[in-house]
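Each reported figure results from applying straightforward, stated rules to the coordinates on display, with no laboratory input. Fair warning: this is a prediction, and the values are worked out from it, not measured in the lab. Glycine gets a Cβ as well: all are built from the backbone with ideal geometry, and neighbour counts include every protein chain shown.
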Amino acid sequence: MKILVVDDEKDVRVLFEQRFRREIRYGLFSFSFAYSGEEALSYLHEHASEVVLILSDINMPGMSGLELLKQIKKEYPPVPPPQAPLVMMITAYGDNESYEQAMQLGANDFLTKPVDFGALKEKLILIANHEN
């Protein structure tokens, strides 16, 4: 399952590669990384049919995660083919306003930082099993 992680923090790549090294090694998950909303859209334009899930930070310079979510939902309607990617939003601020806005814009899930990687791994495995 191809997952695009969107976060302006560069060290997120090492964190995900460490936390999911076993799943990556066995081919269960494949991660790509974008460090801005603009970079994520560019990546999606080239790889839309491959990406099953997008994990996006909300607070980023330039295009915010919520703006990215709005753009994804506009460009990739949830009708096959290709199936629109699922989108999980991640924020350091567990405020209700961000949650409500993300869900209204069509987010499939909402996580707060620091990310509980055990819970995230369970969710990703469920999605991967549903894909197959």
Short version: ³J(HN,Hα) in whole Hz for each residue of the stretch 33-47, in order, from phi by Karplus 6.51 cos²θ - 1.76 cosθ + 1.60 (θ = phi - 60°), x for Gly and Pro, what are they? 10, 10, 9, 7, x, 4, 5, 5, 4, 4, 4, 4, 4, 8, 10
Whole-Hz ³J(HN,Hα) for each residue in the stretch 105-111, computed from phi via Karplus 6.51 cos²θ - 1.76 cosθ + 1.60 with θ = phi - 60°, x for glycine and proline: what do you get? 7, x, 4, 8, 6, 9, 10
log10 of Debye I(q)/I(0), alpha-carbon scatterers only, for the chain at 0.17, 0.18, 0.21 Å⁻¹: -0.88, -1.00, -1.41
Run through the stretch 23-125 and list the chymotrypsin sites (Phe, Trp or Tyr not before Pro) located in a DSSP loop whose Cβ has at most 12 other Cβ atoms within 10 Å. Tyr26, Tyr93
Only four residue types carry charge here, +1 at the Cβ of Lys and Arg and -1 at the Cβ of Asp and Glu. Report the dipole size of the stretch 2-131 about the Cα centre in Debye, rounded to the nearest 20. 460 debye
Identify the GluC sites (Glu not before Pro) of the stretch 1-100 meeting these criteria: DSSP loop state and at most 12 other C-beta atoms within 10 Å of the C-beta. Glu9
